[in-house]
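Each remark here refers to the structure printed beneath this line.
The values are calculated or read from the model by the stated rules, or taken from the named source; none is laboratory data. The structure presented is a predicted model; accordingly, all values stated were derived computationally and were not measured. Glycine also receives a Cβ, built like all others from the backbone with ideal geometry; neighbour counts cover every protein chain displayed. Accessible surface areas use protein heavy atoms only, side chains included; no ligands, DNA or RNA. Shrake-Rupley method; radii C 1.70, N 1.55, O 1.52, S 1.80 Å.
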Amino acid sequence: MKLESALLREQCLIGDEWLSGSSVINVTNPSNGDVIGTVPDFGAEETRKAVAAAKAALPAWRARTAKDRAAILRRWFELMLEHQDALARIMTAEQGKPLAEARGEVVYGASFIEWFAEEAKRVYGDVIPSPWADRRLVTIKQPVGVVAAITPWNFPIAMITRKVGPALAAGCTAVVKPASATPFSALAIAALAQEAGVPAGVLNVVTGSARAIGGELTANPDVRKVTFTGSTEIGKVLMRQSADTVKKVSMELGGNAPFIVFDDADIEAAVEGAIASKYRNTGQTCVCTNRILAQSGIHDAFVARLAERVGELVVADGFADGAQQGPLIDSAAVEKVEEHIADALSKGAKVAVGGERHALGGTFFQPTVLTGLTPDMAVAREETFGPLAPVFRFETEDEAIAMANDTEFGLAAYFYSRDIGRVWRVAEALEYGMVGINEGIISTEVAPFGGVKESGVGREGSRYGIDEYVEIKYLNMGGLSA
Ligand SMILES: NC(=O)C1=CN([C@@H]2O[C@H](COP(=O)(O)OP(=O)(O)OC[C@H]3O[C@@H](n4cnc5c(N)ncnc54)[C@H](OP(=O)(O)O)[C@@H]3O)[C@@H](O)[C@H]2O)C=CC1
Ligand SMILES: O=C(O)[C@H](O)CS(=O)(=O)O
């Protein structure tokens with residue numbers, strides 16, 4: 001059934017034009033497989049047009065005062081909140097997440113526009129004490145230029161605003177390629193950006209062939225920055241392709257988050273934190289817990305309570321009242337969850353709750369907890385990206401840290417302890433960009449989001465996020481002698 005929304009755009013925004021395509025991509029509702037609309041299947045030619053529009057718009061946009069750019073971004077933020085329900089309904093229709101989560105993402109995504117509207121006015125330079133009596137040294141910060149943003153389906157608004165917010169605040173212009181599964185959210189907020197006064201060409205959205213669009217964005221010399229959120233595999237492809245024209249890159253990639261529960265933890269808090277972290281967006285977030293490590297003294301009590309609470313999660317269509325777990329994005333996602341479960345069971349793991357496709361059919365899956373996990377199982381090394389919580393047992397603090405760090409990923413980690421010495425030892429020992437301590441949900445626009453090792457490069461949000469979109473220029477001013 002066609003999606004009905006005043007914010008539905010089935011065209012791409014390039015310059016000041018909304019353009020249709022001679023061929024289109026179907027957009028489906030993952031909950032029922034319905035085709036809810038189409039978007040253009042554009043490629044390199046249209047991408048070149050979008051980059052040209054962004055380049056043409058750059059001089060006037062970067063020349064506006066920071067305060068002027070901030071006012072326009074602020075208006076965009078306000079419009080996103082005014083249209084929270086419409087944006088949430090579009091998101092649930094194309095991504096499947098429960099409406100309550102979609103509404104939350106609209107607010108979370110808008111918060112990056114609000115934050116960087118403020119940060120726009122605080123891009124400061126330096127006055128450096130000169131080693132020459134007759135010279136003055138300063139630095140100024142200038143926008144990088146045209147930015148390419150390639151974003152995933154799991155947070156169809158927030159992953160765009162977390163990039164476009166700082167880019168536009170700094171005076172850059174942008175070309176966005178949203179995920180093919182969730183283009184309508186991107187096009188809807190682009191329409192609101194136009195209404196907020198973002199000038200033509202400052203924000204462009206191109207849908208279609210990822211390889212062709214990405215190939216052009218990473219090769220075009222007029223693009224000076226590539227920012228990506230998605231799998232580590234594709235992130236590496238984009239980094240390689242960007243190297244030929246030495247572009248700045250920001251990469252928010254895959255994770256393998258450990259969730260460590262020590263004997264001295266508040267068990268009830270740990271259970272609720274594990275559920276929040278693991279099953280948010282039906283387990284489809286890069287910072288979702290991917291491995292639970294439970295110390296032997298509390299292991300059985302923790303698993304029993306976790307399984308009981310997980311069994312209570314409501315699996316339903318995202319529009320259904322009380323829905324807590326929506327469908328997975330596609331059949332490949334379901335097959336990956338099934339592969340991880342089958343592999344673990346074949347090597348001795350046991351099902352504590354769930355373990356199979358849900359009775360609703362399609363891409364719905366039972367929220368699952370496995371016990372008896374061992375490091376040789378696939379789920380210990382691969383990101384499941386679904387509603388599967390595998391529990392590993394450990395004996396000592398050193399063993400837990402070693403297990404947690406035994407991965408090429410380093411995005412988010414979590415642990416529960418009420419021993420202040422342990423809190424500092426473990427927080428400093430974990431090789432991750434972000435650590436939740438007695439908390440399972442830690443993402444916010446005010447703190448730096450990003451990973452180490454193969455989870456990415458750079459930070460988004462926070463006072464650091466805008467640094468990814470500016471260049472520091474050093475001025476050495478001589479000739480000052482009388
Ligand atoms: N660190 C973080 O913040 C996040 C990390 N991720 C990670 O991403 C994975 C799941 O998300 P998913 O969307 O499937 O990731 P993908 O990496 O497959 O896709 C992400 C985006 O990249 C595009 N893309 C795919 N192939 C290419 C290519 N060759 N050139 C240019 N663009 C390309 C996709 O387009 P199209 O949709 O058309 O295929 C999509 O827009 C998981 O590993 C997850 O951990 C996801 C979200 C956040
Ligand atoms: O894509 C993701 O998984 C997000 O980066 C996670 S969060 O920022 O929404 O927590």
FRET E, pair Gln84, Glu335, Förster distance 41 Å, beta-carbon r, rounded to 0.05: 0.75
Place a label point 7 angstrom from the Cα of Ala100 along the Cα-to-Cβ direction, then list the residues of the stretch 322-356 whose backbone nitrogen is under 13 Å away. 322-326
How much length is gained on full extension from Asp68 to Glu312, taking 0.36 nm per residue of separation minus their Cα-Cα distance? 82.9 nm
Carbon-plus-sulfur fraction of the accessible area of the stretch 122-252, 1.4 Å probe, in percent? 56 percent
Over 25 Å between Cα atoms: which of Lys177/Lys247; Lys97/Lys177; Lys97/Lys163; Lys2/Lys225; Lys248/Lys278 fall into that group? Lys2/Lys225; Lys248/Lys278
Output the peptides 181-188, 107-114 sorted from most to least packed, where packing is the average of other Cβ atoms within 10 Å over each peptide's residues. 181-188, 107-114
Angle between the Cα long axis of helix 420-429 and the longest principal axis of the chain, 0 to 90 degrees, nearest 10? 60 degrees
Dipole axis of the chain (+1 Lys, Arg; -1 Asp, Glu on Cβ), positive-most option in Leu73, Ser31, Gly436: Leu73
Dipole magnitude of the stretch 327-479 about its Cα centre, charges +1 at Lys/Arg Cβ and -1 at Asp/Glu Cβ only, in debye to the nearest 20? 320 debye
If you average over every viewing direction, what projected area does the convex hull of the Cα atoms of the stretch 372-482 give, in nm²? 11.6 nm²
What dipole magnitude, in Debye to the nearest 20, does the stretch 395-482 give about its Cα centre under +1 on Lys/Arg Cβ and -1 on Asp/Glu Cβ? 500 debye
Just the number, please: percent antiparallel of the DSSP beta bridges in the chain, rounded to the nearest 5. 40 percent
For the chain, the longest principal axis of the Cα atoms and the Cα long axis of helix 299-310 enclose an angle in degrees, to the nearest 10, of 70 degrees
Taking the chain as the reference, fit the longest principal axis to its C-alpha atoms, fit the long axis of helix 183-196 to the helix C-alpha atoms, and give the angle between the two in degrees, 0 to 90, nearest 10. 40 degrees
Linear extension gain, Ile140 paired with Val35, 0.36 nm per residue minus alpha-carbon span: 32.8 nm
Express in nm, to one decimal, how much length is gained between Val24 and Ala427 on full extension, taking 0.36 nm for each residue of separation and deducting their alpha carbon distance. 140.3 nm
Candidate aspartates and glutamates for bridging to Lys49, where Cα separation is under 14 Å - those fewer than 8 sequence places away on the same chain excluded: Asp16, Glu17, Glu216, Asp222
By accessible area of protein heavy atoms, probe 1.4 Å, what ranking do Val226, Val315 get, highest first? Val315, Val226
In units of 2.2 N^0.38 Å, the Cα radius of gyration of the chain is 1.01
